[in-house]
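The values are calculated or read from the model by the stated rules, or taken from the named source; none is laboratory data. No experiment lies behind these values; they were computed from the predicted model shown. For neighbour counting, all protein chains shown are included, and Cβ atoms are generated from backbone atoms with ideal geometry for every residue, glycine included.
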Amino acid sequence: MPKQVSCEIKCLNCEKWFQSPIQFGSVRPFDTSHMYGNLVQCRYCGQMTNCNKENMRFVERDSETGEVHYIEGEDTI
């Protein structure tokens, strides 16, 4: 079944989710990556926010059923 994948960031200021500039093609690289010290500008409030696994999630969307799975990031090293 075809899936669309993306990574999203939760702004630590306004708490809205938006697409991350850092993307992964599947769950495994996302799970095994070590990320820290990255910043990105929030597309909603304009503030700079962390772009690290603790406020990042991997999103899988099934193209046929529309079902969505979220895999939350965990603490960085």
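Here are the numbers for the structure shown:
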item: Hey, Phe24 in contact with a strand residue (DSSP E or B) (Cβ under 7 Å, 6 or more places away or on another chain), assigned to a loop (DSSP other than H, G, I, E, B) and touching a residue at least 24 places away in the same chain (Cβ under 8 Å) or not; result: yes
item: One residue from Glu8, Glu15 being among the acidic types (Asp, Glu) and assigned to a loop (DSSP other than H, G, I, E, B); result: Glu15
item: Residue in the range 25-67 that is nearest to Gln4 (Cα to Cα), counting only those that are in contact with a Cys (Cβ under 8 Å, 6 or more places away or on another chain) and loosely packed, with under 15 Cβ neighbours inside 10 Å; result: Tyr44
item: Selection within the range 37-75 - more than 14 Å from Leu12 (Cβ to Cβ), hydroxyl-bearing (Ser, Thr, Tyr) and either outside any strand (DSSP E or B) or at pLDDT 75 or above (or both); result: Ser63, Thr65
